Amino acid sequence: MDSRVSARALTARLGGWRTSEPAYEALADGIRLLCLDNRLPAGTALPAERALASVLGVSRTTVAAAYRSLRDSGHIRSLRGSGSVTQGAPQRAATRTVSDPRAVDLQQASPAAWPGLAGVFAEAAAQTTALLARPGYDVVGREELRAALADQYTRRGIQTTSAQILITSGAQSALHLLATVLVRRGDRVMIESPTYPHAAEALRSAGARLVSVPVTPDEGWDLDRAEQVFARVRPSLAYLMPDFQNPTGRSMTGFERELFVTAAARAGTVLIVDETTADLDIDRAIEPPPFGADPQDEQIVRVGSFGKTVWGGLRVGWIRADEELIRRLIAARFPIELGTPDWEQHVATLLLPHLPEVIAQRAHLLRTGRDTVSAALAEQLPEWTVPAVDGGVALWVELDRPFSSALVLAACAEGILLSAGPRFGVDGGFEKNLRIPFTAAAPDLERAVDGIARAWGRTIGGAAPLREGALDAVV
């Protein structure tokens, strides 16, 4: 057993769970979803039946039946003296998802590979003789790749040298490394809400106490809240996604950027700026200035990768920071990983001259996806609020009822894999929101919205709850 969740905390995470009858199956489905999207990690002890029943306002018999259903489906186990403990997703779930060609996976917000990537792989393969003479990985990064990335930053107005670049195995590896080095247990860390959930997990795993600043597709960042957090909490670190924020799709204005940079400097806060979606511009009318372009500002750390632009399978990311922090990161990296593979760095180096072509193709792909989803939702679910976004990978849709988690479960039966709104929250909530990525092919997106509409009809109609077989599609 790794941790325990209280009855009150579990109730908050469940949100509007009672959307079908019998109540015990609706409760069991709600807990299954929390297990399956890792909001209740494996090894978490659930509240005692009596305590949970009291907070939920149901009978103990209802909770006991829900726990029994969860044991039957393999999501929890009962331990003498420890109560009921989560087991995460049963192994059979992963097997069924992989083998089901009909499922539309909208849990991932990454497009398929850029069409020209196969040619770059072929070019790289023709040069493997020299590559194979090397150890095969590099803890700092190949000089030619770091120099090319430094030149890109310099052209954006952010003076950079190769010594200020560290190559990592993707952006998530970069975030985990930064959290390990910059966060001490108990540190307050500012983060947007909703946010990229894996960033929140990396910060929490390092011991951070997260303090949220709301952001919405229409109004952007809550600047009053941000100023209060900087002034009163004085966080040691802040994590921001200023361009095409995931999941809202919102980009900071020049004024918002300036306020965050100024307030963070005043508070002594290090800013981690996640730029992994920054190049995914579809039709933004005005491109804002770079975030904190002052070359002397050592309080700004930037994270980038090729995952969203080129291909999620190309695990190359990077950190741009001052040289002293880069040295600390290198020293801390060895216990985590020995470096980034040379092969992938070689491919990334060959890719850089093609980036303008890649970005143009991505804009076309994402425009088609965005417009397809927006039109389909307007036709089939006109009561939902669909934001207008000019870039990014997803729509942060507002439902007309707080049943996001229930909808995600119902959509499983339609072969549509989604992530519920609370998955992106820092302090719970967001049961009225659903992230719908538009990175898939247009026919798949149309089919997905069809399935979502049918699932929504069952959800708000109080249809019979899903059984174990339907839930096996979620991992």
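The values are calculated or read from the model by the stated rules, or taken from the named source; none is laboratory data. Note that the structure is predicted; figures quoted are calculated from it, not measured. So basically every Cβ, Gly included, is an ideal-geometry build from the backbone, and we count neighbours across all protein chains shown. Heads up: the accessible areas ignore ligands, DNA and RNA and are worked out on the full protein's heavy atoms, side chains in. Shrake-Rupley method; radii C 1.70, N 1.55, O 1.52, S 1.80 Å.
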Practice problem: Express in Å², to the nearest 10, the accessible area of S73 obtained by rolling a 1.4 Å probe over the protein heavy atoms while all chains stay in place. | Solution: 0
Practice problem: For R8 and E258, compute 0.36 nm times the residue count separating them, minus their Cα-Cα distance, and round to one decimal in nm. | Solution: 86.1 nm
Quiz item: What is the spin-label model distance, in nm, from E219 to D371 if the labels are put 7 Å beyond Cα along the C-beta direction?
Solution: 3.2
Exercise. Using 0.36 nm per residue of separation minus the Cα-Cα distance, give me the extension gain between Q108 and R134 in nm, one decimal.
Key: 5.9 nm
Self-check item: Rounded to 10°, Cα long-axis angle of helix 355-380 versus longest principal axis of the chain
Solution: 20
Quiz item: What is the magnitude of the charge dipole of the range 165-247 about its Cα centre, with +1 placed on the Cβ of each Lys and Arg, -1 on the Cβ of each Asp and Glu, and no other charges, expressed in debye to the nearest 20?
Solution: 600
Practice problem: Would you mind checking the tilt of helix 254-267 against the longest principal axis of the Cα atoms of the chain, expressed as 0 to 90 degrees and rounded to 10? | Solution: 90
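Can you compute the charge dipole magnitude of the chain about its Cα centre, using +1 on each Lys and Arg Cβ and -1 on each Asp and Glu Cβ, nothing else charged? Give it in debye, rounded to the nearest 20.
So the dipole magnitude of the chain works out to roughly 1960 debye.
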Exercise. Quote to one decimal, in nm, the extra length available between D72 and A126 on full extension: 0.36 nm per residue of separation minus the C-alpha distance between them.
Key: 14.1 nm
Self-check item: Folded to 0 to 90 degrees: helix 442-460 orientation relative to the chain principal axis, Cα
Solution: 30
Self-check item: Calculated [θ] (222 nm, deg cm²/dmol) that DSSP helices of n ≥ 4 give over the chain, each run adding -39,500 (n - 2.57)
Solution: -12500 deg cm²/dmol
Quiz item: Given the protein chains as shown and a 1.4 Å probe, how many square angstrom of D224 are accessible, to the nearest 10?
Solution: 100
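Which is the longest run of the chain containing none of the GluC sites (Glu not before Pro) found in DSSP loop states (not H, G, I, E, B) with at most 15 other C-beta atoms within 10 Å? It would help to have the intermediate numbers written out before the result.
Working: sites that count: E219, E298, E337, E383.
Answer from the scan: 1-218.
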Exercise. Over all directions, average the projected area of the Cα convex hull of the range 223-367 and note it in nm².
Key: 10.3
Quiz item: Rounded, prolate or oblate: which one fits the range 180-270, using the alpha carbon gyration tensor with axes a ≥ b ≥ c (rounded when a/c is under 1.5, else prolate when a/b beats b/c, else oblate)?
Solution: oblate
Quiz item: Using a basic spin-label model with each label point 7 Å from the Cα along Cα→Cβ, how many nm lie between E383 and A118?
Solution: 4.6
Quiz item: Label A360 and V58 with points 7 Å out from Cα along Cα→Cβ: what is the distance between them in nm?
Solution: 5.6
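How about the range 184-230: which trypsin sites (Lys or Arg not before Pro) there lie in a loop by DSSP and see at most 12 other Cβ atoms within 10 Å?
Here the sparse-neighbourhood loop sites are R184, R185.
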Quiz item: Which value, in Å², gives the accessible area per residue of the chain when a 1.4 Å probe is used on the protein heavy atoms?
Solution: 41
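How many times 2.2 N^0.38 Å is the alpha carbon radius of gyration of the range 209-249?
Against the compact-globule rule of thumb, the ratio is 1.19.
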Quiz item: If the viscosity is 1.567 mPa s and the temperature 4 °C, what Stokes-Einstein diffusion coefficient in µm²/s follows for the range 295-454 when Rh is the Kirkwood radius over Cα pairs?
Solution: 70
Quiz prompt | Carbon plus sulfur fraction of accessible area for the chain, probe 1.4 Å, in percent | solution = 51
